[in-house]
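I have placed the structure first, in the form of structure tokens, so that the comments after it can refer back to it.
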2 protein chains.
Amino acid sequence: MERSDRTLIIIGGHEDRSNNKVILGEVARRVGSGKLVVTTVAMANGTEQLFDTYERAFRSLGVKHLYNLDISERAEATVPSKVKIMDDAAGVFFTGGDQIKITSQLGDTPIFQRIREIYDDGGVIAGTSAGAAVMSETMLVEGGEEKSHVIGGSVRMAPGLGLIDGVIIDQHFMERGRFGRLIGAVAQNPKNLGIGIDEQTAIVVERGNGFYVLGSGGVYVIDGTEVTYSNVAEEEPHKTISIYNVRMHMLSQGDRFDLLNRQPRQMKGRAAEKLPEKEEEQTAQHA
Amino acid sequence: MERSDRTLIIIGGHEDRSNNKVILGEVARRVGSGKLVVTTVAMANGTEQLFDTYERAFRSLGVKHLYNLDISERAEATVPSKVKIMDDAAGVFFTGGDQIKITSQLGDTPIFQRIREIYDDGGVIAGTSAGAAVMSETMLVEGGEEKSHVIGGSVRMAPGLGLIDGVIIDQHFMERGRFGRLIGAVAQNPKNLGIGIDEQTAIVVERGNGFYVLGSGGVYVIDGTEVTYSNVAEEEPHKTISIYNVRMHMLSQGDRFDLLNRQPRQMKGRAAEKLPEKEEEQTAQHA
């Protein structure tokens with residue numbers, strides 16, 4: 001299978017790893033006969049079992065060249081044997097864990113430089129949960145679940161890997177009640193589009209200018225372009241935010257979103273057919 | 001204090017009952033020297049303790065004429081001694097519990113007729129939690145928390161008391177992750193405006209044509225008027241819904257919303273001053 005143009009597969013967590021594997025199947029399809037590096041850098045412990053789980057999943061999906069990049073401290077990200085794992089990779093998959101471990105251990109290292117090159121050369125960079133959060137320039141780290149955002153905020157944010165511009169990603173979206181914190185992040189700077197991704201759901205971002213939805217849950221796009229008023233700059237830290245005229249799209253599999261003009265549309269015809277919606281289709285592709 | 005024009009005070013649950021009591025204070029202020037009936041019809045057990053709690057709260061806020069309407073089966077709603085409790089009431093307060101108990105025991109009874117008259121005569125009808133849900137024509141009963149809505153839905157809906165038209169209320173909104181179910185309800189019929197109310201937060205609806213926000217949390221208004229596409233009528237019950245171009249406003253205390261033209265605005269000048277924001281102001285009013 002040919003390598004497609006540069007792609008991000010950003011997964012809201014808990015993607016299926018043992019049944020129909022729609023989302024991991026998309027990663028496998030895009031890696032094709034190339035090399036896939038699964039990195040467990042986000043995890044402090046249990047990295048071997050986690051890699052085993054993904055190895056079984058990806059091998060069953062036909063991925064033949066599979067490697068684990070396990071980095072437990074930042075110094076390792078410059079060790080030649082570790083850096084060499086990235087050679088000629090067609091794809092990189094970030095597992096879940098702690099997003100700060102990913103950015104603090106890989107940010108501005110030779111390994112991150114390789115990841116950036118793999119992406120720019122037309123590879124696929126995928127990540128689930130913490131691995132999804134790190135894709136944007138600014139990432140949400142913790143706090144603010146199941147409540148409305150207050151001006152002073154209780155949500156920790158940090159700089160992400162910046163593989164996609166102009167968006168803020170949130171994952172485990174409906175499952176963890178994160179609507180309030182994402183709208184809070186958009187209110188702080190409406191140049192960023194908020195994208196909330198449910199579990200078992202992913203967005204597949206092609207060439208950085210649009211995405212389509214894969215999986216069983218929803219994707220919420222929060223667009224602050226037309227906001228006419230918000231109180232987020234007021235000096236009342238405990239006050240709940242106000243924000244008028246937010247545009248929102250709720251998307252699911254079969255929907256596309258154009259990031260350049262911020263418009264959703266349905267996938268039809270050939271584009272829709274390309275969706276690996278069923279177990280049988282995927283098995284057929286990789287058998 | 002004069003009785004104001006007909007008012008609904010719709011509370012997202014867990015309003016403060018022992019400290020600053022901003023929301024209950026608004027009920028008390030509007031009832032003034034009139035009679036307030038607290039009805040615990042939504043509860044199966046513990047109605048006396050619950051009434052005691054509200055009695056203490058309302059008495060401390062200066063309400064002098066306070067009665068409990070406890071209905072444990074529908075037949076009681078026609079008993080003259082029970083109906084008589086409603087005589088000359090200036091306000092009715094519905095406690096939390098089970099919203100189906102409220103509608104099944106009071107719907108189309110002489111007591112409900114009295115409640116309707118009290119409202120139409122310029123009284124105040126307030127309700128918290130289950131007591132908030134029953135205000136609209138269609139009420140959300142259960143299900144659909146912390147997940148995105150699917151076409152076939154798992155949210156039970158039922159006919160409410162219909163004191164306010166054209167809206168669907170949801171309560172404990174961010175706290176219980178109910179965004180998905182409310183947007184699902186709006187997608188099914190965008191003529192209804194979705195209004196999600198956080199705990200410790202209320203909307204005060206004046207003459208049925210607008211409201212302002214009271215309390216510490218947020219109020220989310222979901223407007224489907226401009227929706228360009230949704231898949232809710234498709235015959236795929238397990239598919240997650242899609243809906244494009246929803247307009248959303250997140251409001252907090254200090255904001256007003258006009259229900260006729262569906263526009264938010266900030267309260268300023270005299271209107272804002274009327275807000276009983278501080279304990280001191282309320283105590284002064286009722287001392």
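The values are calculated or read from the model by the stated rules, or taken from the named source; none is laboratory data. Because the structure is a prediction, the values reported are computed rather than measured. Cβ atoms come from the backbone with ideal geometry, glycine included; neighbour counts cover every protein chain shown. Side chains included, ligands, DNA and RNA excluded: accessible areas come from the protein's heavy atoms. Shrake-Rupley method; radii C 1.70, N 1.55, O 1.52, S 1.80 Å.
Give me the accessible area buried between chains B and A, both sides summed, with a 1.4 Å probe, in Å² rounded to the nearest 100.
Looking at B and A, the buried total is near 3000 Å².
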Share of pairwise Cα separations in chain B, more than 35 Å, in percent: 16
Using alpha-carbon coordinates, inclination of helix A:110-120 to the longest axis of chain A, degrees: 90
Which semi-axis lengths, in whole Å and largest first, follow from the square roots of five times the eigenvalues of the Cα gyration tensor of segment A:83-227? 26, 16, 14
Per residue accessible area of segment B:4-115, 1.4 Å probe, in Å²: 40
Would you mind working out the accessible area per residue for segment B:186-240, using a 1.4 Å probe, and quoting it in Å²? 36
Among A:Val37, A:Ile100, A:Ile10, which residue has its Cα furthest toward the positive end of the charge dipole of segment A:1-160, with +1 on Lys/Arg Cβ and -1 on Asp/Glu Cβ? A:Val37
If each label sits 7 angstrom from Cα along the C-beta direction, how far apart, in nm, is B:Thr228 from its counterparts in the other copies? 2.0
Computed E for B:Lys64/B:Arg207 - FRET, C-beta separation, R0 22 angstrom, nearest 0.05: 0.25
Compute the helix-to-body angle for A:47-60: its Cα long axis versus the longest principal axis of chain A, expressed 0 to 90° and rounded to tens. 70
Checked segment A:27-126 against the a/c 1.5 cut and the a/b vs b/c comparison, axes a ≥ b ≥ c from its Cα gyration tensor; verdict oblate
What's the angle, to the nearest 10 degrees (0 to 90), between helix A:22-31's Cα axis and the longest principal axis of chain A? 60
Reduction of at least 40 Å² in accessible surface, 1.4 Å probe, comparing all protein chains with the chain by itself, residues of segment A:168-209: A:Met174, A:Phe179
For segment B:124-203, the percent of accessible surface on carbon and sulfur atoms (probe 1.4 angstrom, ligands and nucleic acids excluded) is 40
Give me the aspartates and glutamates in straight-line cross-link reach of A:Lys64: C-alpha distance below 13 Å, same-chain residues under 8 apart excluded. A:Glu55
Protein-protein interface of segment A:251-270, residues with accessible area decrease of at least 40 Å², isolated chain reference, 1.4 Å probe: A:Ser252, A:Gln266
Other protein chain Cβ atoms within 10 Å, averaged over every residue that makes up B:142-151: 4
Using a label point 7 angstrom from Cα along Cα-to-C-beta, what distances in nm, from shortest up, separate B:Glu55 from the other copies? 7.0
Quick one: length gained pulling B:Lys191 to B:Thr225 fully straight, 0.36 nm per residue minus the C-alpha distance? 11.5 nm
For a quick check of your reading of the filter: which GluC sites (Glu not before Pro) in segment A:61-120 sit in a DSSP loop and have no more than 10 other Cβ atoms within 10 Å? A:Glu73
So in the protein assembly as shown, what percent of DSSP beta bridges are antiparallel if you round to the nearest 5? 60
